[in-house]
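The values are calculated or read from the model by the stated rules, or taken from the named source; none is laboratory data. These numbers come from a predicted model, not from an experiment. Note that we place each Cβ from the backbone using ideal geometry, even for glycine, and neighbour counts take in every protein chain shown.
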Amino acid sequence: MSQQETHGFQTEVKQLLHLMIHSLYSNKEIFLRELVSNAADAADKLRYEALTQDDLYEGDGELRVRISTDKEAGTMTIEDNGIGMTRDDVIEHLGTIAKSGTADFFKNLSGDESKDTQLIGQFGVGFYSSFIVADKVTVRTRAAGHSASEGVLWESAGEGDFTVETIEKASRGTVITLHLREEEKEFADDYRLRSIITKYSDHISVPVEMYKEGTPEQEGPDGPEGEKIPAVEGAWEPMNKATALWTRNKSDITDEEYQEFYKHISHDYSDPLKWSHNRVEGKQEYTSLLYLPAKAPFDMWNRDRKHGLKLFVQRVFVMDDAEQFMPSYLRFVQGLIDSNDLPLNVSREILQDNKVTTSLRTAVTKRVLGMLEKLAKNDAEKYQSFWGEFGQVLKEGPAEDFANKERVAALLRFASTEGKGSAETVSLTDYVSRMQEGQDKIYYIVADSYDAAANSPHLELLRKKGIEVLLMSERIDEWLVSHLTEFDGKKLHSVTRGDLELGSLEDENEKEAQEKLETESAPLIERVKTALGDKVSGVKVTTRLTDTPACVVAAEDDMSTQMMKMMQAAGQ
Ligand code: ADP
Ligand code: MG
């Protein structure tokens, strides 16, 4: 009943395999990170399932990963006793890519190898990275809780297809054998392998073991009568500390370990920009380890994109992508939370409205805002690079998070008439510190593009008076200013609105001049009004323009011109 079947890989997998083999040649060893990472995930999943179903352990609760090589055969084997896979699991997980936005990702590849290489790093290649070094991969697996006769053999040369076959497999878990390509045989070298494995498994919480050969019985060199030294048997030795990284003391963890751990949980190949690791005791007890990525993921704007933290309860992994702990405008944050207050059998539904969740979310949000504030203060350059990647997401903050509105607002950056071109570098705090004497408003303009904003006739008078104006032109900006109406007690005021409300910045002479102009121009105004009819709600004389003869403005209680355009575009 072996039933060997041949299946074709999903198109995207074929593309991935091709691209990977041709573009990741300078970073081949990452396949070990991926396979060790998967084995550790499999152990995590089993531990979680076994909480309610103890017999899944089948009498073997010592979860571990073992790596061995066979120099003669030119193979490397990675074996775990984790959750394993059923035949259906194998066909699905080792034949398709489950990430949201995958098809789009492949559509957007440029064909330019160096650019695509960057992208593939962000995408993450997972199990398929085996084919970077192997020309044939064999997977033997059996799911926990299934009988020995339900084992599965998967095999592929990484081209168009793979085979699956039902086999006997007595032990639970997964064994992956890589048949190394001729030029990759060096990976079967024990010494080299040990150093790579140490690097990729230090932060992993299950033991990752390699076999240490014993010594044969031999004539002892020191014995007075040359007596035999007894043989020492070989043994499996752990290559890592095998304690969950976040439970260790901060001072004992190296930056490299933090970085590797980030890559393990985020599937991102770049180093993170910054991290924050905290243990909290007292009313709530939890540990959080939060990372700011250096680069936005390829699917940042995909609505179905999974995000959120990994949730552990008392060090047991419970779920990925627990989005309840992170507001949507901080969805770029990666990391984990390990709570002592939630029940081990917690589900997404229970998390939904749970007091512990709410208070953890509040605490974690504050932690991230604090991390960003610190970065902005101590390393403006890094903050600017963060802003370039995630600024447009953070702009959703004032609308979403009322309680932290002011803190989020202080983290925003804008282009301005006092800034450096179109780059968003000016904070509201900078703006306020430069306000003119008597100025009580923060002036801004939202337009379709930076150029349209910077060259708008609405700026003329303000420019003449040396008043700074924030220049906004991103899609999200209109949404932002409709929720962020005040900062530091100063109102945000659009320069395209009816009245600039310059207050005491308007001098007496100007007021007089305005009145005089109004009387003198009354007949002209009448004629323009008649000519335009009900196309406009009013025609006014203004002193706000210095070079341009006329401009269209929105009345104070109207939608701004930009909002109108948005509504029109949405078919309203
Ligand atoms: P990811 O780990 O991001 O999900 P991978 O390509 O690395 O992507 O793995 C795909 C899937 O294959 C995993 O999600 C898991 O379901 C399954 N898998 C891979 N390796 C193992 C393993 N050692 N044990 C059990 N399942 C595995
Ligand atoms: Mg993986």
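In this entry, residue 145 is excluded by the filter for residues that are at pLDDT 85 or above and under 21 Å from the mean Cα position of the chain (by Cα). Would you mention how many residues in the stretch 243-266 are crowded, with 19+ Cβ neighbours inside 10 Å and assigned to a loop (DSSP other than H, G, I, E, B)? Total satisfying the criteria: 1. Residues in the stretch 3-47 that are among the β-branched types (Val, Ile, Thr) and either part of a helix (DSSP H, G or I) or closer than 18 Å to residue 266 by Cα (or both) were compared, and the one that is modelled with the lowest pLDDT is 21. Residue pairs whose Cβ atoms lie under 6 Å apart, sitting 6 or more positions apart in sequence or on different chains, and linking a residue in the stretch 120-140 that is touching a residue at least 24 places away in the same chain (Cβ under 8 Å) and farther than 23 Å from residue 297 by Cα to a partner that is aliphatic (A, V, I, L, M) and within 10 Å of ligand 1 (Cβ to nearest atom), are 139/176; 140/175.
Inside the stretch 139-161, residues that are away from ligand 2 (no atom under 16 Å from the Cβ) and touching a Leu at 6+ places or on another chain (Cβ under 7 Å) make up a count of 4. Would you mind stating whether residue 295 is within 16 Å of ligand 2 (Cβ to nearest atom) and either in contact with a Cys (Cβ under 8 Å, 6 or more places away or on another chain) or closer than 30 Å to residue 394 by Cα (or both)? So residue 295 does not fit the description; no. Where residues in the stretch 124-163 are charged (D, E, K, R) and surrounded by fewer than 24 Cβ atoms within 10 Å (Cβ to Cβ), which of them is nearest to ligand 1 (Cβ to nearest atom)? Selected residue: 140. Against the conditions (1) more than 21 Å from residue 400 (Cβ to Cβ); (2) of a type outside the set (A, V, I, L, M); (3) in contact (Cβ under 8 Å) with a residue 60 or more places away in the chain, residue 282 satisfies every one except (3).
Between 89, 54, 60, the distinction of being without any contact (Cβ under 8 Å) to a residue 40 or more places away in the chain and not small (Gly, Ala, Ser) belongs to 54 only.
With respect to (1) in contact with a Phe, Trp or Tyr (Cβ under 6 Å, 6 or more places away or on another chain); (2) closer than 20 Å to residue 266 by Cβ; (3) surrounded by 21 or more Cβ atoms within 10 Å (Cβ to Cβ), the lone exception for residue 297 is condition (1).
The set of residues in the stretch 182-220 being in a loop (DSSP other than H, G, I, E, B) and of a type outside the set (Ser, Thr, Tyr) consists of 189, 202, 203, 204, 206, 207, 213, 214, 216, 217, 220. For residue 381, the criteria (1) closer than 30 Å to residue 281 by Cβ; (2) out of contact with any Pro (no Cβ under 8 Å at 6 or more places or on another chain) hold in every case but one, which is (1). Return the residue satisfying two criteria in turn: it lies in the stretch 183-193 and is exposed (fewer than 15 other Cβ atoms within 10 Å of the Cβ) and touching a residue at least 12 places away in the same chain (Cβ under 8 Å), and of such residues it is farthest from residue 44 (Cα to Cα). If we take residues in the stretch 183-193 being exposed (fewer than 15 other Cβ atoms within 10 Å of the Cβ) and touching a residue at least 12 places away in the same chain (Cβ under 8 Å), then 189 is farthest from residue 44 (Cα to Cα).
If you go through the stretch 51-104 and keep only what is part of a strand (DSSP E or B), more than 14 Å from ligand 1 (Cβ to nearest atom) and surrounded by fewer than 17 Cβ atoms within 10 Å (Cβ to Cβ), you end up with just 70.
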